[in-house]
Amino acid sequence: MAQPKRKHSKMRSGTRRGANRFKAPLLAKDPEDGTAHLRHRVNPSNGLYRGRQVVDVEI
């Protein structure tokens, strides 16, 4: 395998890896009330997950 001629600095490696942190979270739109929430998680505004009530939410 090919070998690098020089060692990459810690800053260069960290800068490359740090670019992955800036992605926005994927949000899903709830069909019941239209609020946005994280995918594959309970909607905190109404307590529904996949059309079923799983968390009691006080309004």
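Since every read-out is calculated from the coordinates, none of them should be taken as a lab result. Values in this document were obtained by computation on a predicted structure and should not be read as measured data. When we count neighbours, we look across all protein chains shown, and the Cβ atoms used for this are built from the backbone with ideal geometry, even at glycine.
Given the rule -39500 (n - 2.57) for each run of at least 4 DSSP H residues, summed and divided by the residues of the chain, what is its mean residue ellipticity at 222 nm, to the nearest 500 deg cm²/dmol?
Values: 1 runs with 9 residues, N = 59.
The helix-only estimate for the chain comes to -4500 deg cm²/dmol at 222 nm.
Among Arg6, Arg52, rank each residue by its count of other Cβ atoms within 10 Å, from fewest to most, as a rough exposure measure. The partial results should precede the final answer.
Values: Arg6 5, Arg52 8.
Ascending number of Cβ neighbours within 10 Å: Arg6, Arg52.
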